[in-house]
Amino acid sequence: GAVVSQHPSWVICKSGTSVKIECRSLDFQATTMFWYRQFPKQSLMLMATSNEGSKATYEQGVEKDKFLINHASLTLSTLTVTSAHPEDSSFYICSAILPEGHFEAFFGQGTRLTVV
Amino acid sequence: KQEVTQIPAALSVPEGENLVLNCSFTDSAIYNLQWFRQDPGKGLTSLLLIQSSQREQTSGRLNASLDKSSGRSTLYIAASQPGDSATYLCAVNTDKLIFGTGTRLQVFP
């Protein structure tokens with residue numbers, strides 16, 4: 001199947017700093033990627049849809065200025081958590097849908113963010 | 001707004017049992033539905049993908065059915081094993097993938 005690579009797999013940062021998470025589609029071009037957040041023992045919550053060459057579409061309640069998304073190429077989307085606070089600690093995971101065939105979704109390995 | 005619910009929220013069974021996990025969604029205008037497995041602290045593993053025009057898909061001991069008109073999907077796990085212990089998530093694709101609430105499964109020897 002298609003491969004989506006996410007980096008880093010885990011990161012610890014101090015409060016007030018910014019953290020960038022990368023999501024790459026390794027063997028296909030993805031005009032659209034998705035960013036999710038998962039709290040412990042909960043399901044995945046869609047944060048935003050990343051669109052190549054245009055602005056991201058954020059879900060209701062997600063702060064655009066807090067979670068900056070850039071989709072500069074057909075294989076790379078980045079999520080930057082700005083001015084991180086301990087409450088931003090969570091598991092972040094990206095996804096890309098194969099643009100042809102069955103439109104199957106593939107996921108990165110996820111990033112565990114801990115803000116201290 | 002699409003809402004996806006899974007029942008039960010948690011399930012603990014002895015190995016060897018046949019299991020049924022349920023997923024329901026409120027908007028039937030979907031492209032497809034996927035079932036995933038997630039181990040603790042890990043990412044997602046895709047198990048089965050059912051297109052909106054299909055009724056079921058099978059992979060090994062797993063069988064997933066889809067009744068789009070009623071907004072339901074069921075994942076059957078045959079002859080469960082301890083290695084099946086994980087959280088199972090269904091997700092519906094309507095231009096974006098919306099996840100269900102998840103079922104935490106524990107299969108004990």
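The values are calculated or read from the model by the stated rules, or taken from the named source; none is laboratory data. No experiment lies behind these values; they were computed from the predicted model shown. All Cβ positions, even for glycine, are placed from backbone atoms using ideal geometry, and neighbour counts span all protein chains on display.
B:Asp84 meets the conditions (1) at pLDDT 95 or above; (2) away from chain A (no Cβ under 14 Å); (3) exposed (fewer than 15 other Cβ atoms within 10 Å of the Cβ) in every case but one. The failed one is (3). For the stretch A:97-116, the candidate set comprises residues that are more than 10 Å from chain B (Cβ to nearest Cβ) and in a strand (DSSP E or B); within that set, the residue that is nearest to A:Val4 (Cα to Cα) is A:Leu113. Screening B:Ser73, B:Ser53 for residues that are surrounded by 15 or more Cβ atoms within 10 Å (Cβ to Cβ), small (Gly, Ala, Ser) and either within 14 Å of another protein chain (Cβ to nearest Cβ) or in a strand (DSSP E or B) (or both) leaves exactly one candidate, B:Ser73. Scanning the stretch A:61-80 for residues that are over 10 Å from the mean Cα position of the chain (by Cα) and in contact (Cβ under 8 Å) with a residue 40 or more places away in the chain turns up A:Leu74, A:Thr75, A:Leu76. Note on the stretch A:11-58: residues that are aromatic (Phe, Trp, Tyr), more than 11 Å from the chain's Cα centre (by Cα) and under 21 Å from A:Thr75 (Cα atoms) total 2.
Of the numbered criteria (1) touching a helix residue (DSSP H, G or I) at 6+ places or on another chain (Cβ under 6 Å); (2) within 14 Å of chain A (Cβ to nearest Cβ), the one B:Pro109 fails is (2).
Of the strands (runs of 3 or more DSSP E) that lie entirely inside the stretch A:1-82, those containing 1 or more residues that are of a type in the set (S, T, N, Q) and crowded, with 18+ Cβ neighbours inside 10 Å span A:4-7, A:19-25, A:32-38, A:44-51, A:76-81.
For (1) touching a residue at least 24 places away in the same chain (Cβ under 8 Å); (2) among the polar types (S, T, N, Q); (3) within 14 Å of chain A (Cβ to nearest Cβ); (4) in a loop (DSSP other than H, G, I, E, B), each residue gets a yes or a no:
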| site | (1), (2), (3), (4) |
| --- | --- |
| B:Trp35 | yes, no, yes, no |
| B:Lys42 | no, no, yes, yes |
| B:Leu48 | yes, no, yes, no |
| B:Thr58 | no, yes, no, no |
| B:Cys90 | yes, no, yes, no |
| B:Leu105 | yes, no, yes, no |
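Scan the stretch B:32-44 residue by residue and report those that are surrounded by fewer than 17 Cβ atoms within 10 Å (Cβ to Cβ) and at pLDDT below 90. Residues satisfying the conditions are B:Pro40, B:Gly41, B:Lys42.
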